[in-house]
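For reference, the structure discussed in these notes is given below.
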Amino acid sequence: VMYKRILQQAGFIQFAQLQFFEAKELFRSGQLDVRELISLYPFLLPTSSSFIRCHPPLHEYADLNQLTQGDQEKMTKCKRFLMSYLNEVRSTEVANGYKEDIDTALLKLYAEANHESLLDLLVSENFCLLTDSAAWLEKHKKYFALGLLYHYNGQDAAALQLWVKIVDGDIQDATRSDLYEYIVDFLTFCSDQDLVWKYSEWVLQKNEEVGIQIFTKRPLEEQEKNNINPDDIISCLNKYPKARVKYLEHLVLERKIEKEKYHTHLAVLYLEAILQLKSVTTDNCTETTELLFKLRSLLQKSDLYRIHFILDKIQGTDLHMESAILYGKLEEHEKALHILVHELKDFRAAEEYCIWNSENRDVQYRRRLFHMLLSVYLNPGTSDCALVMAAVDLLNNHAAEFDAALVLQVVPESWSVQLLSPFLAGAVRQSIHTKRMTQTALGLAQAENLIYKHEKVKQRGTPILLSDKKICQVCQNPFCEPVFVRYPNGGMVHTHCAANKHLNSNMTHHSSSSSNQT
């Protein structure tokens, strides 16, 4: 004990001479109660601490001011040393029993020195005493850090209240320039729904597109349980059109919720936004183009929205492509193709229409759509050269989608073979391919049939001959009708003789040595 005390005293002598490395080694070797060192620094020990310096004292200094004689540079060096020393010992056995005193002192040093490790201390496991630490952080205007302290102690409401004041400019703290985004992220993973609802209006007013993340990026397991009802969220978002669209996109496109009302609502919002933009300017700006793409994608891929309802809203507008998609959903393909060909004059879109409308359908359905499109091009009432060329291109580029025999019946007789040579070549090639594949399939089927016939013959084995000269092996009477029982040894008996259990068992015993197939 005396030896350790001498080491501790020597440590304080080295400390007073600012020989920090030597002092640290002596403190460690002497197993110094670290509070002896902390007590030199005014106000660092918590007010609730029961620590009293040992008697007789290990040194002659009342506090750091006396030791450094008011020299600020020396005082800063001493504080820097204590920060380093406390950080090292806080996770060792030295800290056992008074971790609160060490962590609270370390927090105070970090806050006073504006040290970057303050936040690291607060977001990791710590034993900082709330009352002392909060007062100190507030004194040094470390409001963001104070919020972290509140959060660590389970007081999320106090933390959010403080951070919101910083963003609103009511109090000043430049620790985080992205504090608004931090609050949004915090609310996203906050399990207290009352807090989420309380600050939802605030985050949405600041920035709709970022603020909506508090609902769209919540943990997946929480969303699947629908802890926060989507209908309540949509009602809340009525004042925030951009956020409402983002949330419905989240429900429909990301979570893939199959509810008609969400799909219809999203389609209507897209449509209203497009019509609003078109009423302001006739040119399609980037925003309009993006919305049109989203609307078309939704109309094509979803089967859940109310088609007639959307179609009624589109009537009378110049949204011809969207009208065509809706007619396609109603299986009114001729109307759709007529719009694409005659109103939009977009032949490529007409071909794509046939392709996407026949996805996951059989070959006949796809072929029917392409024949419809060809009929629209070759309508007897039109003599547009562009339509004729579109029909030729359609046939030559999609030869496999047509029944060549039907095509030859509808194309004008004035068309030359050379004009349709790619189509005809493809049709002939397809016909020959189909014929050869059919022949191959037939040959394989015949071979398989032959194999089965061979198996059947093998299964039959030796033929059984029955005549009126054959006699039953049980009753020795001849057979009067072609009904009999054959035993494994080849013997034949009447059915009524075989039914006799006693005789049957005798015959079975008699023929047990036989291995012939029944």
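For the stretch 215-327, which semi-axes, largest first and in whole Å, follow from the square roots of 5 times the eigenvalues of its Cα gyration tensor?
They are 26, 16, 12 Å, listed largest first.
To the nearest 10 Å², what's Trp415's accessible area with a 1.4 Å probe?
Looks like 40 Å² after rounding.
For the chain, give the percent of accessible area contributed by carbon and sulfur heavy atoms, probe 1.4 Å, rounded to a whole number.
Carbon-and-sulfur percentage of accessible area, whole number: 51.
If packing is taken as the average count of other Cβ atoms within 10 Å, what order do 45-53, 335-343 fall into, highest mean first?
335-343, 45-53
Restricting to Cα atoms and excluding each atom paired with itself, what does the Kirkwood estimate give for the stretch 464-504 in Å?
So the Kirkwood estimate lands at 10.3 Å.
If I ignore ligands, DNA and RNA and count only protein heavy atoms, how much of Asp168 is accessible to a 1.4 Å probe, in Å² to the nearest 10?
70
Taking the alpha-carbon centroid of each part, what is the distance from the stretch 336-407 to the stretch 120-185 in angstrom?
Between the Cα centre of the stretch 336-407 and that of the stretch 120-185, the gap is 66 Å.
I'd like to check one number: the per residue accessible area of the stretch 162-252, probe 1.4 Å, reported in Å² as a whole number.
Per residue, the stretch 162-252 has an accessible area of 50 Å².
At what distance in angstrom do the alpha carbon centres of the stretch 220-296 and the stretch 187-206 lie from each other?
A separation of 20 Å, based on Cα centres.
Once you list every other residue whose beta carbon is under 13 Å from the beta carbon of Ala427, what net charge do they have if Lys and Arg are +1 and Asp and Glu are -1?
In short, +1.
Which value does Rg/Rh take for the stretch 347-462 over its C-alpha atoms, Rh per Kirkwood?
1.25
With only alpha-carbon atoms counted, please give the Rg and Dmax of the chain, in Å.
Rg and Dmax of the chain, Cα atoms, are 45.3, 140 Å.
What residue among Ala350, Gln409, Thr440 has its Cα farthest toward the positive end of the dipole of the stretch 350-443, where the charges are +1 on Lys, Arg and -1 on Asp, Glu, each on the Cβ?
After comparing all options, I get Thr440.
Gln364: net charge of surrounding residues, Cβ under 15 Å, Lys/Arg +1, Asp/Glu -1, itself excluded?
Once positives and negatives cancel, what remains is -1.
I'd like the FRET efficiency for Arg348 and Ser431, computed as 1/(1 + (r/R0)^6) with the beta carbon distance as r and R0 of 25 Å, rounded to 0.05.
FRET efficiency, Arg348 to Ser431: 0.35.
With a 1.4 Å probe and every protein chain left in place, tell me how much accessible area Ile233 has, in Å² to the nearest 10.
Accessible area, nearest 10 Å²: 0 Å².
For the pair Asn238 and Lys165, how long in nm is the line joining their label points, each one 7 Å along Cα→Cβ?
Between Asn238 and Lys165, the label points sit 3.4 nm apart.
How large are Rg and Dmax for the stretch 405-451 when calculated on the C-alpha trace, in angstrom?
Expressed in Å, the Cα Rg and Dmax of the stretch 405-451 come to 16.6, 54.
For the stretch 293-373, what D do you get in µm² per second when you plug the Kirkwood radius from alpha-carbon pairs into Stokes-Einstein at 37 °C and 0.692 mPa s?
257
With N set to the number of residues, divide the alpha-carbon radius of gyration of the stretch 409-489 by 2.2 N^0.38 Å and report two decimals.
Against the compact-globule rule of thumb, the ratio is 2.60.
Quick check: the distance between the Cα centres of the stretch 44-77 and the stretch 413-470, to the nearest angstrom?
That distance is 103 Å.
Please state, as a whole number in µm²/s, the translational diffusion coefficient that the Stokes-Einstein equation yields for the stretch 1-144 at 20 °C and 1.002 mPa s, with Rh defined as the Kirkwood radius across alpha carbon pairs.
Translational D for this selection: 138 µm²/s.
Would you rank Val363, Val210 by solvent-accessible area, highest first, keeping every protein chain in place and using a 1.4 Å probe?
Reading off the accessible areas and sorting them downward yields Val363, Val210.
Ranked from highest to lowest mean number of other Cβ atoms within 10 Å per residue, what is the order of the peptides 119-129, 448-458?
119-129, 448-458
The values are calculated or read from the model by the stated rules, or taken from the named source; none is laboratory data. Note that the structure is predicted; figures quoted are calculated from it, not measured. A quick note on method: Cβ atoms are made from the backbone with ideal geometry, for glycine too, and the neighbour counts reach across all protein chains shown. Heavy atoms of the whole protein, side chains included, go into the accessibility calculation; ligands, DNA and RNA do not. Shrake-Rupley method; radii C 1.70, N 1.55, O 1.52, S 1.80 Å.
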